[in-house]
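Report on one structure; see the data block that follows.
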Amino acid sequence: MSSSADRPVPGSPAELAKALEATGYLADDGLATAAYLALKMNRPLFCEGEPGTGKTALAQAMAEVLGAELIRLQCHEGIDASQALYDWDFPRQLLHLRALEAAAGAASEKLDADAVEASLYDQRFLIARPVLRALRTSPSVLLVDEVDRADDEFEAFLLEVLTEHAVTIPEVGEVRAVTPPLVVLTSNRTREVHDALKRRCLYLWLDHPDLTREIAILRSRLPGVPERLAGQVAKAVRTMRGLELLKPPGVAESLDWARALQLLGASELDLDSAAASLGAVLKYREDADRVRAQLDAVMA
Ligand SMILES: Nc1ncnc2c1ncn2[C@@H]1O[C@H](COP(=O)(O)OP(=O)(O)OP(=O)(O)O)[C@@H](O)[C@H]1O
Ligand SMILES: [Mg+2]
């Protein structure tokens, strides 16, 4: 991404952190530096971390900072290049062909096969998927979300696109990005992504925020939540993360919990309000049982 973007690229990691904060995203020094370098070095940012640590939200916040369009490619098992890049709109092509045939029949003319083929592969029948849209949109942020769910073959495809910033569509020709998109890849590390892809990227491990930052996130995302309640929630969630639960709560769960408590009219976290709202923060029965059995210790 260059400074030809709608908004100028912040001039330092600290400036970027400030700009991110203005969107409601609170970055620590390591995160702001990695994101700043990704912009300046024009390299994809590979974000790995526990669920709910702000990987997806970072891409959203970066797009806002840059005044860029956020284009998201959600990866899943079996995703292939046609779902990421483009497809031809077969039903519309067929309708077009029928219309041509009908018109020719009415005029008693013969169709020119080459001309018909060329018109069938007109751009209007091209369905641009996220990667192609990102190459054509300037400025843009391409979020390749949960890349660990895709397979090796798809990774190889991504690697090629991210290296070239261009793709070739046989019937259309080459599509090259005027300004390469800022690419943010996220992974929950359900499997290791190949070194070849990682080598292309700058790497960022996102951890759960420290207590002060988590309170700040709660206050920034939920301005109506009293400071005391935000502090209690952040502290209890932090303790829960140390209990080796099946699914330790992320920031998403802290936010849900604080919101749930707010909706229940609780001005502070006590044993009753915690027990009543535990489903907002723990999503496994075993985890809930475990925490319930030591609720006073968790909230100490
Ligand atoms: N540093 C932060 N500043 C502000 N909000 C944050 C921050 N980190 C996380 N959040 C908020 O926490 C919630 C979860 O974040 P997000 O969805 O980005 O997590 P994730 O790492 O992508 O999780 P998953 O791996 O489950 O997809 C979002 O509402 C997000 O806005
Ligand atoms: Mg995510």
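The values are calculated or read from the model by the stated rules, or taken from the named source; none is laboratory data. Please read these numbers as outputs of a predicted model, since none were measured by experiment. FYI the Cβ positions are ideal-geometry reconstructions off the backbone, even for glycines, and counts take in every protein chain you see.
Given (1) free of Cβ contacts under 8 Å to residues at least 24 places away in the same chain; (2) within 16 Å of ligand 2 (Cβ to nearest atom); (3) of a type outside the set (Ser, Thr, Tyr), identify the lone condition not met by Ala150.
(1)
Go through segment 1-38 and give me each residue that's over 22 Å from Arg219 (Cα atoms) and at pLDDT 95 or above.
Filtering segment 1-38 down to residues over 22 Å from Arg219 (Cα atoms) leaves 1-13, 33-38.
Selection gives Ser12, Pro13, Thr33, Ala34, Ala35, Tyr36, Leu37, Ala38.
Given the conditions (1) more than 20 Å from Pro130 (Cα to Cα); (2) assigned to a loop (DSSP other than H, G, I, E, B); (3) within 22 Å of the chain's Cα centre (by Cα), which single one is not true for Pro223?
Result: Pro223 passes all but (3).
Hey, could you check segment 12-70 for residues that are within 13 Å of ligand 2 (Cβ to nearest atom) and β-branched (Val, Ile, Thr) and say which is farthest from the chain's Cα centre (by Cα)?
Thr53
What number of residues in segment 135-160 are of a type in the set (A, V, I, L, M) and touching an Asp or Glu at 6+ places or on another chain (Cβ under 8 Å)? Spell out the reasoning first.
The first filter runs over segment 135-160 and keeps only residues of a type in the set (A, V, I, L, M), leaving 135, 141-144, 147, 150, 156, 158-159.
If we keep only those that are touching an Asp or Glu at 6+ places or on another chain (Cβ under 8 Å) too, we end up with 141, 147, 150.
Total meeting the criteria: 3.
I'm checking my understanding of the structure. Among residues of segment 156-168 that are within 22 Å of Leu58 (Cβ to Cβ) and crowded, with 20+ Cβ neighbours inside 10 Å, which one is nearest to ligand 1 (Cβ to nearest atom)?
Just the residues of segment 156-168 that are within 22 Å of Leu58 (Cβ to Cβ), to begin with: 158-159, 161-162, 165.
After this cut, where a residue has to be crowded, with 20+ Cβ neighbours inside 10 Å as well, the list is 158, 161-162.
Numbers: Leu158: 18, Val161: 22, Leu162: 20 Å.
Of everything passing the filter in segment 156-168, Leu158 is nearest to ligand 1 (Cβ to nearest atom).
Restricting to segment 180-192, count the residues that are more than 16 Å from the chain's Cα centre (by Cα) and closer than 14 Å to Pro44 by Cα. Steps first, answer last, please.
If we filter segment 180-192 for residues that are more than 16 Å from the chain's Cα centre (by Cα), which is where we start, we get 180, 190-192.
Subsequent filtering for residues that are closer than 14 Å to Pro44 by Cα retains 180.
Within segment 180-192, residues that are more than 16 Å from the chain's Cα centre (by Cα) and closer than 14 Å to Pro44 by Cα number 1.
In the list Thr212, Thr239, which residue meets the criterion of being of a type outside the set (Phe, Trp, Tyr), modelled with pLDDT of 95 or more, loosely packed, with under 14 Cβ neighbours inside 10 Å and out of contact with any His (no Cβ under 6 Å at 6 or more places or on another chain)? Walk me through how you get there before you give the answer.
On the way: Thr239 fails: loosely packed, with under 14 Cβ neighbours inside 10 Å.
Within the list Thr212, Thr239, the selection yields Thr212.
Name the strands (runs of 3 or more DSSP E) wholly within segment 91-176 that hold at least 1 residues that are of a type outside the set (A, V, I, L, M) and modelled with pLDDT of 90 or more?
It comes to 140-145, 166-169, 173-176.
For segment 176-229, name all the residues that are more than 16 Å from ligand 1 (Cβ to nearest atom), in contact (Cβ under 8 Å) with a residue 60 or more places away in the chain and of a type outside the set (A, V, I, L, M, F, W, C).
Thr179, Pro180, Pro181, Lys198, Arg200
Here is a check on your reading of the model: is Gly49 within 26 Å of Pro180 (Cβ to Cβ), of a type outside the set (Val, Ile, Thr) and within 12 Å of ligand 1 (Cβ to nearest atom)? Spell out how you get there, then give the answer.
Details: within 26 Å of Pro180 (Cβ to Cβ): yes; of a type outside the set (Val, Ile, Thr): yes; within 12 Å of ligand 1 (Cβ to nearest atom): yes.
Against the criterion (within 26 Å of Pro180 (Cβ to Cβ), of a type outside the set (Val, Ile, Thr) and within 12 Å of ligand 1 (Cβ to nearest atom)), Gly49 qualifies.
Look through segment 242-257, keep the residues that are under 19 Å from Tyr25 (Cβ atoms) and small (Gly, Ala, Ser), and return whichever of them is surrounded by the most Cβ atoms within 10 Å (Cβ to Cβ).
Among them, the one singled out is Ser254.
Name the helices (runs of 4 or more DSSP H) wholly inside segment 231-299 in which the number of residues that are within 18 Å of Gly49 (Cα to Cα) is 1 or more. Spell out the reasoning first.
Details: elements: 251-263, 271-277, 285-292, 295-298.
So the answer is 251-263.
Within segment 63-91, restricting attention to residues that are without any contact (Cβ under 8 Å) to a residue 60 or more places away in the chain and farther than 20 Å from Arg124 by Cα, which residue is surrounded by the fewest Cβ atoms within 10 Å (Cβ to Cβ)?
Restricting to residues being without any contact (Cβ under 8 Å) to a residue 60 or more places away in the chain and farther than 20 Å from Arg124 by Cα, the top hit is Glu64.
Given Glu109, Glu146, which one is charged (D, E, K, R) and at positive phi?
Glu146
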